[in-house]
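Single-structure report; data block below.
The values are calculated or read from the model by the stated rules, or taken from the named source; none is laboratory data. The structure displayed is predicted, hence computed values, not measured ones. With ideal geometry, Cβ positions are generated from the backbone for all residues, glycine too; neighbour counts draw on all protein chains shown.
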Amino acid sequence: MNALTGNSLKISRVNIVSKKFQRHSHSGNSVTLKSPNTSVNFQPIRAAITGAADSGETHSTVLPTESARDQLRSDMAASPDVKDGRIAGISAAIRVIPDFPKPGILFQDITTLLLDPKAFKDTIDLFVERYKDKNISVVAGIEARGFIFGPPIALAIGAKFVPMRKPNKLPGEVISEEYSLEYGTDKMEMHVGAVQAGERALVIDDLIATGGTLCAAISLLERVGVHVVECACVIELEYLKDGGGAAIRGEESAAEGGRRVGTG
Amino acid sequence: MFAAETELKEDPRLQAIFEAIRVIPNFPKPGIMFQDITTLLLNHKVFKDTVDMFVDRYRDMDISVVAGVEARGFMFGPSIALAIGAKFVPLRKPKKLPGEVISEAYELEYGTDCLEMHVGAVQPGERAVVIDDLVATGGTLSAAIKLLERVGAEVAECACVIGLPQFKVKLDSVYVHGQCTINGKPLYLLVEPRLLDC
């Protein structure tokens, strides 16, 4: 069984980096990503970044087959979201901060997007348009920037909002999921009883880097019988290897533009 | 002021908002009755009503900045900002904001903490509302007010879903009807804290 089977993660390319990743899928629904030992090659495109909001996460990816990559590439080109004029405004509103939180990282700062009411509204509208007819009853937002985008989406599509938090923040009974960082591990928690078996959920964060936190969130929801319809992020760090990219095999990640993670 | 003290006194939404909050005793430490708003967020209608009450209040007050205090202020602030056409400014714990920041320290029961805001997020003369889920001692809200005032913004009001009654203004030991303030700024609260249902 593929990791994250049944979840679609359609990732849109806002900033592109070139990086080599190896990825393994584990049994069940968790994906552990191990850190590459090789030095990374970057092909900057526009404001090319490596920024990782989850910079502590380890990651490795197995590149998908040629045919999978071709399929992804043509799917991307065909996506109507790609041509949406709002995307350019959203992309332009995101600020890049070099060397944060540590040297070599180009941090994708969405706070400047939040200062632009039109761009912020467009961001939410794009997600709402995508999800409003998908019978989603749960929007799970990952602490803390997922708390900024998740609630407006939840309110607009008639869903509940569920915060996925760092340890010891939620006051009631919780379930926890551990996930790997570059050094060590971290934990994500969700309140017991927040969601019911059979509900359909969306997971939201501002940015996907390695996917570790999103995977932990998916695990938490699936453990209580929820169907994770899709993960959605404003920004995706697309990893290209000599023109190829690391696809999250079998999945699409939805973000602005709705473009899939392409390889090749 | 508490919403119940305004023309919203009979507003049925307030009772549902009050009842949607869950009380967790002895969190984060013994003796504290924690007001858990996550149960409110699970109830779409009540969550929407909560946001609507703030939006109704602020949409005609010429507010261009909604500043939300990390992290639960993030759950309410952005929706309000979007509805009234204002920008959303996150006020965060130290070292979370990636760009250049200004910081304001405030006191905790033991020690101090710090609230930060990005330089350039807010311009002088802008009118701001500060949002958090709950006000207890007022330390964080005071720090938030200071941050905004330091860059020349005017804090029109602070708003929280829940607030302790101590913020009501007393004049000669009598509560002045409809007035809550924090550091001289008006404070708008929807409900008082819940006690544990026995």
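Some notes on this structure:
- Residue ID - farthest from the other protein chains (Cβ to nearest Cβ), chosen from residues in segment B:36-59 that are assigned to a loop (DSSP other than H, G, I, E, B) and either surrounded by 22 or more Cβ atoms within 10 Å (Cβ to Cβ) or out of contact with any helix residue (DSSP H, G or I) (no Cβ under 7 Å at 6 or more places or on another chain) (or both): B:Ile37
- The single condition among (1) in a helix (DSSP H, G or I); (2) within 11 Å of chain A (Cβ to nearest Cβ); (3) in contact with an Asp or Glu (Cβ under 8 Å, 6 or more places away or on another chain) that B:Phe74 does not satisfy is (3).
Quick grid of which residues meet (1) part of a loop (DSSP other than H, G, I, E, B); (2) under 19 Å from A:Ala144 (Cα atoms); (3) at the interface with another protein chain (Cβ under 8 Å from one of its Cβ atoms):
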{"position": "B:Met61", "(1), (2), (3)": "yes, no, no"}
{"position": "B:Pro78", "(1), (2), (3)": "no, yes, yes"}
{"position": "B:Phe88", "(1), (2), (3)": "no, yes, yes"}
{"position": "B:Gly99", "(1), (2), (3)": "yes, yes, yes"}
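- A:Ile148 being under 18 Å from the mean Cα position of the chain (by Cα) and more than 16 Å from A:Ala216 (Cβ to Cβ): yes
Residue-wise test of (1) among the small types (Gly, Ala, Ser); (2) within 18 Å of A:Pro151 (Cβ to Cβ).
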residue: A:Arg165; (1), (2): no, yes
residue: A:Asn168; (1), (2): no, no
residue: A:Glu177; (1), (2): no, no
residue: A:Ser180; (1), (2): yes, no
residue: A:Gly184; (1), (2): yes, no
residue: A:Gly193; (1), (2): yes, no
residue: A:Ala201; (1), (2): yes, yes
residue: A:Ile204; (1), (2): no, yes
residue: A:Ala209; (1), (2): yes, no
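- Scanning segment A:181-202 for residues that are more than 13 Å from every other protein chain (Cβ to nearest Cβ), within 14 Å of A:Lys169 (Cα to Cα) and without any contact (Cβ under 8 Å) to a residue 40 or more places away in the chain yields one hit, A:Lys187.
- Scan segment A:80-98 for residues that are within 13 Å of chain B (Cβ to nearest Cβ), in a helix (DSSP H, G or I) and out of contact with any helix residue (DSSP H, G or I) (no Cβ under 6 Å at 6 or more places or on another chain) and the total you get is 0.
Each row is one residue, and each column tells you yes or no for (1) small (Gly, Ala, Ser); (2) modelled with pLDDT of 95 or more; (3) part of a loop (DSSP other than H, G, I, E, B).
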residue: B:Lys95; (1), (2), (3): no, yes, yes
residue: B:Glu104; (1), (2), (3): no, yes, no
residue: B:Val176; (1), (2), (3): no, no, no
residue: B:Pro186; (1), (2), (3): no, no, no
residue: B:Leu189; (1), (2), (3): no, no, no
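- In segment A:167-198, residue modelled with the highest pLDDT [restricted to those that are within 18 Å of the chain's Cα centre (by Cα) and hydroxyl-bearing (Ser, Thr, Tyr)]: A:Tyr179
- Any hit, segment A:164-171, residues being part of a strand (DSSP E or B) and either more than 12 Å from chain B (Cβ to nearest Cβ) or hydrophobic (A, V, I, L, M, F, W, C) (or both): yes
- Residue tally, condition out of contact with any Pro (no Cβ under 7 Å at 6 or more places or on another chain) and either among the polar types (S, T, N, Q) or farther than 23 Å from A:Ala156 by Cα (or both), over segment A:89-132: 15
- Residues in segment A:138-155 that are under 19 Å from B:Asp49 (Cβ atoms) and at the interface with chain B (Cβ under 9 Å from one of its Cβ atoms): 5 in all.
- Of residues in segment A:99-126 being outside any helix (DSSP H, G or I) and more than 19 Å from B:Ala121 (Cβ to Cβ), the one nearest to the other protein chains (Cβ to nearest Cβ): A:Pro101
- Restricted to segment B:77-121, and to residues there that are without any contact (Cβ under 8 Å) to a residue 40 or more places away in the chain and β-branched (Val, Ile, Thr), the residue that is nearest to A:Glu143 (Cα to Cα) is B:Val89.
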